[in-house]
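Data block below; observations after.
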Amino acid sequence: MGEDARSVKLQCLALACSPRKDGNTALLAREALEACREEGHDTEFLYLADFNYFPCRACDGCFNTGKCVVPDQAGTIFEKILAADRFIMAAPVFSLGICAQAKMLIDRTQQFWAAKYLLDRHVPGKPSRRGIFISCAGTTLPKVFEGTLQTVRYFFKILDIDLAGNYCYDGVDKKGDILSHPRAMRDAGRQGKALVRTEWQD
Ligand SMILES: Cc1cc2nc3c(=O)[nH]c(=O)nc-3n(C[C@H](O)[C@H](O)[C@H](O)COP(=O)(O)O)c2cc1C
């Protein structure tokens with residue numbers, strides 16, 4: 001551990017991707033982020049629903065430059081994600097996959113895919129980025145998170161963010177149900193703390 005490790009202020013970002021504000025996944029993300037703040041770090045909470053962005057057009061416009069040609073706010077969201085040392089992403093399961101709002105953003109990483117794999121460039125932003133993913137599903141069907149997690153692993157890999165953990169809660173459906181879960185909210189606080197404390201073990 002470096003001598004100044006504890007004085008390092010990390011930039012921590014939570015992105016709540018559900019269209020349901022103050023819904024189950026947003027509550028968990030806030031709790032995890034609050035733990036980062038309590039540990040002395042800078043925090044920012046964003047609702048994806050507050051941004052104006054569109055699906056990938058598959059125009060291949062990023063293939064020569066590594067930059068997306070669509071002039072919307074997806075670029076702002078990516079700038080914030082890549083400027084963060086720690087990233088908390090929260091999104092529910094919709095129709096057995098990640099909610100469309102999150103998927104739409106994930107498809108827009110095509111520009112980073114092009115930069116990395118066609119143009120041999122690094123993803124810009126902070127080095128040693130690390131994050132966690134949080135999700136909820138209304139049912140308790142086996143493998144209900146499988147599709148979502150596959151997509152999330154892809155997202156973190158393309159953005160060069162180390163995915164330190166997935167925290168998924170099933171049987172959580174109505175808005176606020178997560179508050180009666182026996183351990184989820186407490187665990188979210190622990191996950192947030194662990195996310196920033198892992199810095200000290202580097
Ligand atoms: C359009 C839609 C599709 C959904 N599809 C599923 C599903 O396939 N499987 C499931 O278990 N829950 C499904 N749910 C339930 C949500 O995953 C659940 O309500 C979750 O707690 C929502 O989290 P939020 O409050 O953060 O939005 C769906 C909900 C909506 C609105």
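For the range 124-202, the relative contact order is 38 percent, taking Cα pairs closer than 8 Å that sit 6 or more residues apart in sequence and dividing their mean separation by the residue count. On a per residue basis, the chain carries 50 Å² of accessible surface, using protein heavy atoms and a 1.4 Å probe. With the cut-off at under 20 Å, measuring from each backbone N in the range 34-55 to a point 7 Å along the Cα-to-Cβ line of MET185 picks out 34-39, 45-46.
Close amide H pairs (under 5 Å, H built 1.01 Å from N) link ARG121 with LYS116, residues at least 5 positions away or on another chain. Each of ARG20 and ALA194 was given a label point 7 Å from its Cα along the Cα-to-Cβ line. The distance between the two points is 2.5 nm. Distance from the Cα centroid of the range 43-105 to that of the range 111-147 is 11 Å (rounded to whole angstrom).
Between GLU34 and ARG121, residue separation times 0.36 nm minus the direct Cα-Cα distance comes to 27.9 nm. For the range 15-201, the carbon plus sulfur part of the accessible surface works out to 50%, probe radius 1.4 Å. Descending by average beta-carbon neighbour count within 10 Å, the peptides 85-93, 164-172 line up as 85-93, 164-172, the highest first.
Quick one: go through the range 128-150 and flag any residue whose amide nitrogen is under 12 Å from the point 7 Å out along the Cα-to-Cβ line of ASP173. Zone members listed by number: 137-141.
Each principal axis of the Cα cloud of the chain was taken in turn, and the coordinate range along them, longest first, works out to 50, 48, 28 Å.
In whole percents, the pair-distance distribution calculated for the range 108-202 from its alpha-carbon pairs, binned every 5 Å from zero, is 3, 11, 18, 17, 18, 14, 10, 6, 2, 0.
Under 5 Å from the amide H of CYS136 lie the amide H atoms of ALA91, VAL93, TYR169, each residue being 5 or more positions distant or on a separate chain, with H modelled from the backbone and absent for Pro and chain starts.
Spin-label pair GLU146-ALA83: with each label point 7 Å from Cα along the Cα-Cβ axis, the two points sit 4.0 nm from one another. Partner lysines whose Cα lies under 21 Å from the Cα of LYS193, excluding those fewer than 8 positions away in the same chain, are identified as LYS9, LYS80, LYS126.
The Cα-based radius of gyration of the range 60-174, divided by its Kirkwood radius, gives an Rg/Rh of 1.00.
The values are calculated or read from the model by the stated rules, or taken from the named source; none is laboratory data. Only a predicted model underlies this, so the values are computations on that prediction, with no experimental measurement involved. Neighbour counts run over all protein chains shown; Cβ positions are idealised from the backbone, glycine included. Heavy atoms of the whole protein, side chains included, go into the accessibility calculation; ligands, DNA and RNA do not. Shrake-Rupley method; radii C 1.70, N 1.55, O 1.52, S 1.80 Å.
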